[in-house]
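Every number here is computed from the coordinates shown, using simple stated rules; none is lab data. All values reported here derive from a predicted model rather than from experimental measurement. Note that we place each Cβ from the backbone using ideal geometry, even for glycine, and neighbour counts take in every protein chain shown.
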Amino acid sequence: MPINKIQFQPGLSLPDFFARFGTEAQCEAALEKTRWPNGFVCPECGGEKHSLVHRDGEKLWQCSACRKQTSLTAGTIFESTRLPLRLWFLGIYHLSQPKNNVSALELKRLLGVNYKAAWRMKHKLMQVMDEREAGRVLGERVEVDDAYLGGVHSGIVGRGAKGKVPFVIAVQTTEDEWRPWYVRLDPLPGFTKKALVQWAQEALAPDALLVSDGLACFVAAGELVAEHERVVVGTRKSSDLESFHWVNTLLGNIKSSIQGTYHGFKFDKYAARYLGELQYRFNRRFDLPAMIPRLLRACALTTARPEKWLRSAEAWG
Ligand SMILES: [Zn+2]
């Protein structure tokens, strides 16, 4: 799909959203359907026979085989939440439909919840997106470059700057017209041969064509794929070269998105999650309305991530 068609595609409007997910009952029904599309399955023993019990106003599915009681949210990213599901759904809407990203602070205002609750929701949803994208493998032609984020002035800065989080940006394009398909954004402990080999094993299909500049650590990564084109940059910056058009375009978009959305966040600590969110949104840009049910399904499949766990994250964890 050409870029202009992506920009002009209809998303799900707010009135349509409220018509479908405006009440708690609608949201519960949607979550139940996406979590158990063929009916209840016991998370403990896999049993399907069950009875419904109500305790303290909560609906529980009790397995007839092992007697375990399961709530709709237990074992999902929504576990132990004190917020109604309709607010979670509204959060999913705001994190997936608008062109611009939404910070925890803005989510607080949009949902009318306190900042800590908004922070937890934002980070849990970013975590879901990051985990969902972890297995993405890029093929065809892959432009790759080193990039850096964070520090006092958030945004992209040059190679070697101190206090910044290094990350790999890789864009899969078609081999003939170089149209962009998918991106991977991965924080690294550093641009070493070892880190790049490990990255390439996870991120690149064996038959890919890798396009990089002359940075030495990309050589070892290039040996793991069918072909490696090293574009010798010389005195020109790689940003001037057509071979890195999409890497540079996306870095520009990421920079404006981060600067326009966030003010002073802990990029060094939560880089993987912020980059995972950007990657998830970019890779699903072809079908905005579908992003809501897909993200909901990912939420149902992602295990509980309590606040303590969220706060102990490593930049490249
Ligand atoms: Zn069971």
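In terms of surrounding Cβ atoms within a 10 Å radius of their Cβ, Ser212, Ser103 rank from fewest to most as Ser103, Ser212. Exposure proxy ranking for Glu143, Glu28, based on other Cβ atoms within 10 angstrom of each Cβ and starting from the fewest, stands as Glu28, Glu143.
Looking at the range 212-294, the pairs of alpha carbons with a distance over 17 Å make up 65% of the total.
Please state the charge dipole magnitude for the chain, taken about the Cα centre, from unit charges on C-beta atoms (+1 on K and R, -1 on D and E), reported in debye and rounded to the nearest 20.
Working: 43 positive and 34 negative charges, 280 e Å.
Here the chain has a charge dipole of around 1340 debye.
Please give the helix 267-283 orientation as an angle from the longest Cα principal axis of the chain, in degrees from 0 to 90, rounded to the nearest 10. Between the helix axis and the principal axis of the chain, the angle is about 90 degrees. Taking the inverse of the mean reciprocal distance over all distinct Cα pairs, the Kirkwood hydrodynamic radius of the range 32-172 comes to 18.8 Å.
Run through all the Cα pairs of the range 18-107 and give the fraction in each 5 Å bin from 0, expressed as whole percent. Taking every Cα pair in the range 18-107, the percentages come to 3, 12, 20, 22, 17, 11, 7, 5, 3, 0.
Ranking Cys27, Val232, Leu95 by how far each Cα lies toward the positive end of the dipole of the chain (charges on Cβ) leaves Cys27 at the top.
Ignoring lysines fewer than eight residues from Lys49 along the same chain, the ones with Cα atoms less than 29 angstrom from its Cα are Lys33, Lys59, Lys68. Result for the chain in a Gaussian network model with C-alpha springs under 10 Å: among Leu149, Leu60, Leu138, the largest mean-square fluctuation is at Leu60. Here the chain is described by how far its Cα atoms reach on the three principal axes: 70, 41, 39 Å, from widest to narrowest. GNM remark for the chain: springs join alpha carbons under 10 Å apart, and the peak mean-square fluctuation among Gly46, Gly260, Gly214 falls on Gly46. Net charge dipole, the range 174-311: roughly 960 debye, given to the nearest 20, about the Cα centre with Cβ charges of +1 for Lys and Arg and -1 for Asp and Glu. Going from the fewest other Cβ atoms within 10 Å to the most, the residues Leu107, Leu301, Leu209 appear in the order Leu301, Leu209, Leu107. With both residues required to sit in the chain, DSSP beta bridges show an antiparallel share near 75%. Cross-link partners among lysines for Lys193, C-alpha distance below 30 Å, same-chain residues fewer than 8 apart left out? Reachable lysines: Lys162, Lys164, Lys237, Lys255, Lys266, Lys269.
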